[in-house]
Amino acid sequence: MSRRTVAVLLAVLTLAMTLGPVRVGAQQTQTEELVRRAKSKVQPLYPELARKMNISGTVKIEVVVSPNGAVKNARVVGGHPVLANAAMDAARKWRFEPSAGESTGIIDFKFEPR
């Protein structure tokens with residue numbers, strides 16, 4: 001093997017080792033979706049621009065729920081950007097059962113034109 005091939009393989013292996021654990025950790029977090037039950041769910045409003053463009057799909061929102069059940073933080077982790085703000089607004093209004101500590105999980109919002 002040439003030095004160049006060895007250097008490229010070493011760089012790829014180093015990158016794979018660096019990114020590998022991050023992906024596994026993220027997947028484990030998603031499998032531990034909110035164990036707390038939602039007391040109130042707010043459905044997102046379908047954006048007018050999305051309706052005109054006939055956009056459909058699922059938006060995934062990661063939420064951090066405080067001990068009192070209110071959504072403390074929310075961020076988009078997947079989905080169409082035109083639909084993201086509507087999903088974020090709805091997710092922030094959800095309420096969950098109280099708990100001793102914070103919880104993190106993913107909420108999926110499905111958008112379909114009507």
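The values are calculated or read from the model by the stated rules, or taken from the named source; none is laboratory data. Predicted model, so just to flag it, every value in this text is computed and none were measured. Counting neighbours? That spans all protein chains shown, and the Cβs are built from the backbone with ideal geometry, glycine included.
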I'd like to check something: does the range 67-81 contain any residue that is surrounded by 14 or more Cβ atoms within 10 Å (Cβ to Cβ), touching a residue at least 60 places away in the same chain (Cβ under 8 Å) and either in a strand (DSSP E or B) or touching a strand residue (DSSP E or B) at 6+ places or on another chain (Cβ under 7 Å) (or both)? no
If I filter the range 23-41 for residues that are at pLDDT below 90, surrounded by 10 or more Cβ atoms within 10 Å (Cβ to Cβ) and basic (K, R), do I get at least one hit? yes
